[in-house]
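What follows is a short report on a single structure.
Only the coordinates and a few stated rules stand behind these numbers; no lab work does. These numbers come from a predicted model, not from an experiment. Neighbour counts run over all protein chains shown; Cβ positions are idealised from the backbone, glycine included.
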Amino acid sequence: MRKLFGPLLILAIVGSLAFVQRTVLIDIWNRLIELPRFSLVPLLGAAVVMIIARGAFLAACSPGVTLRQAVMTDQSALAAGYGIVLGGGLVGTGMRIHMFTRWGVAHISIASSIIATAVVPSFSTWGLPVALLLIPVITGSATSPQSLAVLVGIPIILFSLVFWWMALRSEKLFLLVGKFSAWLRGFLLRKISLRFVRVRAMVERTQPLAFSAEMRVGLIALLRKRWLVIFASSVGTLAAGFICLWTSAVVFEVQGLTLWEALVAFSLVRVVIALSPIPGGTGLAELGLIALLEKAGVSTIDATGTTLLYRSLTWFSPIIVGSSMWWRYSRSEKHLVS
């Protein structure tokens, strides 16, 4: 029953939205049909910018990986993460490790890349609403959700800064990671039956303490050489995401939405996605963005239409693009093996 909770929750949210807003959805569909075909060009352009920006960020965190390889890996992992309700993130990470290993990337570089791409986006995700809303919060003009985002975001940003400082200056953090990994290694060896000889051999070959020390060295080298590129590319993914939202609003001809209001809504919906237990924030992100746009004075039809276009660029298109890229990669791998 637990495995069905995620899909059922998504289905309930989507079904409720479709039922309650059925008249609005019909109006939106009619407006989408009436849009001129050339209006698809900026939408496709925004989607391409988003794909390249995400790939550039992954490439910046992954020495030895080209932009083309990073785009293929990122979109394939996203397709798994968004398309598989439970465990999709783990599957995507496994696909990423597999592809990087096939391309000859060192294991330490892969581990450093996974850590960097996990920690840096949390910093940028929470840093944007803090940067935008800190003054309104101080002056008391921010709404309750905006104040909450800032109050929660500041400790997360401080934690990210402390993490990177400890990674660069202190060995204690990775020593703890190594000790935990060593404990986990012993726990697995006690639980894995003696019949599974190969699995036990794989676990026995691991050296958690040595690996954690090497991983720290890899992270230090990565940050010292590429910290500026990593930070710039992380900001680039934020900019690309906002371009997708603003382009969706312009194409749908939304009335009454200012650039500032769109920025605030975009920053807060990223927080919703980050906090959501569902991959990609499916359902909650749509409802949250619609509510934020309506609070900014946008009509229900405009808010819902913009949200559907935006999420089609940032959630649905990676499933299509990533699936096709993974299919192409799998075919190329089969040809190499044969």
Residue satisfying all of: in segment 287-301; within 9 Å of residue 257 (Cβ to Cβ) and more than 26 Å from the chain's Cα centre (by Cα); surrounded by the fewest Cβ atoms within 10 Å (Cβ to Cβ) among these: 297
Test: residue in segment 255-266 that is touching a residue at least 60 places away in the same chain (Cβ under 8 Å), part of a helix (DSSP H, G or I) and over 24 Å from residue 235 (Cα atoms): no
Matching residues in segment 236-255 - criterion: being exposed (fewer than 15 other Cβ atoms within 10 Å of the Cβ) and either touching a helix residue (DSSP H, G or I) at 6+ places or on another chain (Cβ under 6 Å) or more than 19 Å from residue 32 (Cα to Cα) (or both): 239
